[in-house]
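Chemist: Okay, here's the structure, questions in a sec.
The values are calculated or read from the model by the stated rules, or taken from the named source; none is laboratory data. Small disclaimer: the values here were computed from a predicted structure and weren't measured. Note that each Cβ is placed from the backbone with ideal geometry, even for glycine, and that neighbours are counted across all protein chains shown. Areas reflect the complete protein model, heavy atoms only, side chains present, ligands, DNA and RNA absent. Shrake-Rupley method; radii C 1.70, N 1.55, O 1.52, S 1.80 Å.
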Amino acid sequence: MSQTDSGIGSGGLVGIALAAMVVVLVATPEMAIAQSGTERADSQIPDLVGVWDGGGRARPVNGPNMPWTPENFPVLNERALAYQAVFDEALAPKYDCVPSASPALQYDPYFMEVVQWPDRVMFRYEKDDQLRTVWLDGRTATPLDYTIQGFSVGRYEEGALLVETTHFVFDITGFDDYNGIPSSQLKKVSERYWREGEELRMTLTLEDPMFLRQPASYTTRWLPAPEGYKLQGYACDPDLARRAIKFMIPKYR
Amino acid sequence: MRFFLWILSLCGVLGVGLLMPGAPVNAHHASEPFYDATKSVEAVGVVTRFVFRNPHSFLYVDTASVDGKTTSWEIEMGAAVSMSRRGWTPETILAGDQIRVVGAPSKAPGTFGMCCAELTRPNGSPITP
């Protein structure tokens, strides 16, 4: 078939090239993930983009028995039990505005925003103004990557996003906000995110051989945030965070 | 009749207060280490400050006893980020407002803290955004 037959002359080819450049220049993250999806097979990549409501409308609010109920509460080893026995609630870092971390952060009853890029997925949490980046480009952690939120890598598989996070710093309340259980540098958090209709769902599995005898997991969901909702700043106030401490009967005098 | 309505509203408020479980104050921390959910106290007085912030808002209320002694109460409330989604603003309660507060008292002796409280105006209407 000649160029004339196809209806595309040399000027037409230049036009197509220019149009392609414009598309690349104005591409949004959503378009980028769609393009990347063509390479990886679109059906593998769930659409997780959006602002999600993790509050009481979506699931029971967290507490000493939620999401870790008697059925899925982890089996603690002697080290964890000893830490728990001496733990003093007043010393919990959250009373100094230290942010919540995995696996508690995901279940805090606040909103979060997910943005998917070809090389990363970004989870922004309204609680404590936290941002987690899940790298999809094959990079690996270095010894400099130990942080309170750890280092996350991910991949798409069978319509789900799989995330593995390691390189957490030691955290005296790294398990949750309620049970006085620490987590160590050996903590590993695996998350699987997928869509069910309008809902975002996740199963989280926690391993930490320093404190847990075996992995433990919970499953939860988020609902779409109201149309147009934008995450608010949290700006934890250290004076107010610590204000209620004086209302406790101290464990140690 | 008006007095009867006042008593009725007070009973309602107390009933709600006594039935309230030891729920966390908006999930930053459990209320149990700080407040005794098996008890209920009442404070009727004047708002001196309403601090609408995270991780917990606080309401400050001064009450006066018959001998003229002032007690300053600190009422722990939810996170501003969550309360604002329900319509609360820093102006929902203002300094100088007359208020009745019924909630779980703080545990440490000699302190005047309260949480998980029901707030009402002098006419018995609940304070809502």
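Chemist: Can you give the extra length, in nm with one decimal, that the chain gains between residue A:201 and residue A:44 once fully stretched, where that is 0.36 nm per residue apart less the Cα-Cα distance?
Modeler: So the chain would gain 54.9 nm between residue A:201 and residue A:44.
Chemist: In addition: Once the Cβ-Cβ distance between residue A:186 and residue B:66 is put in as r, and R0 is 41 Å, what FRET efficiency do you end up with, to the nearest 0.05?
Modeler: 0.10
Chemist: Which ³J(HN,Hα) values in Hz, rounded to whole numbers, follow from the phi angles of region B:98-103 under the Karplus curve 6.51 cos²θ - 1.76 cosθ + 1.60, where θ = phi - 60° and Gly and Pro get x?
Modeler: 7, 8, 10, 10, 10, x
Chemist: Of all the accessible heavy-atom surface of region B:41-120, with the other protein chains kept in place and a 1.4 Å probe, what percent is carbon and sulfur?
Modeler: That fraction is 53 percent.
Chemist: Still on this model: Which one of B:117, B:61, B:45 is farthest out on the positive end of the charge dipole of region B:41-120, using unit charges on Cβ (Lys, Arg +1; Asp, Glu -1) and the Cα centre as origin?
Modeler: Of the candidates, B:117 comes out farthest on the positive side.
Chemist: Per residue, how big is the convex hull of region A:101-253 when only Cα atoms are used? Give it in Å³.
Modeler: That works out to 155 Å³ per residue.
Chemist: Still on this structure, please answer the following. Which FRET efficiency value, to the nearest 0.05, is calculated for residue A:221 and residue A:147 with the Förster distance at 22 angstrom and r the Cβ-Cβ distance?
Modeler: That gives a FRET efficiency of 0.25.
Chemist: Can you tell me, using C-alpha contacts under 8 Å and at least 6 residues apart, the relative contact order of region A:57-176 as a whole percent?
Modeler: Relative CO of region A:57-176 lands at 19 percent.
Chemist: Restricting to bridges with both residues inside region B:41-120, how much of the DSSP beta-bridge set is antiparallel, in percent to the nearest 5?
Modeler: Close to 90 percent.
Chemist: Another question about this same structure. Going through the cross-link list A:94/B:107; A:187/B:39; A:127/A:188; A:127/B:69; A:230/A:251, which pairs have a Cα-Cα distance over 32 Å in this structure?
Modeler: In this structure, A:187/B:39; A:127/B:69; A:230/A:251 exceed 32 Å between Cα atoms.
Chemist: Cut-off 19 Å, label point 7 angstrom out along Cα-to-Cβ of residue A:57: give me the residues of region B:68-91 whose amide nitrogen falls inside.
Modeler: From region B:68-91, the list is B:78-89.
Chemist: Let me ask something else about it. Within region B:111-129, what residues put their amide N at less than 20 Å from the label point 7 Å along the Cα-to-Cβ vector of residue B:94?
Modeler: Counting backbone N atoms under 20 Å from the label point, the list is B:119-129.
Chemist: Report the gain in length on full extension from residue A:71 to residue A:122: 0.36 nm times residue separation, minus Cα-Cα distance, nm rounded to one decimal.
Modeler: 15.2 nm
Chemist: Based only on the alpha carbon positions, what is the Kirkwood hydrodynamic radius of region B:41-120, in angstrom?
Modeler: Across region B:41-120, the inverse of the average 1/r is 12.9 Å.
Chemist: Considering only DSSP states other than H, G, I, E and B, which GluC sites (Glu not before Pro) in region A:91-177 qualify as loop sites with at most 16 other Cβ atoms within 10 Å?
Modeler: Passing both the DSSP loop test and the Cβ count: A:158.
Chemist: Using a 1.4 angstrom probe on the protein heavy atoms only, line up B:73, A:52 by accessible area, largest first.
Modeler: These residues rank, largest area first, as B:73, A:52.
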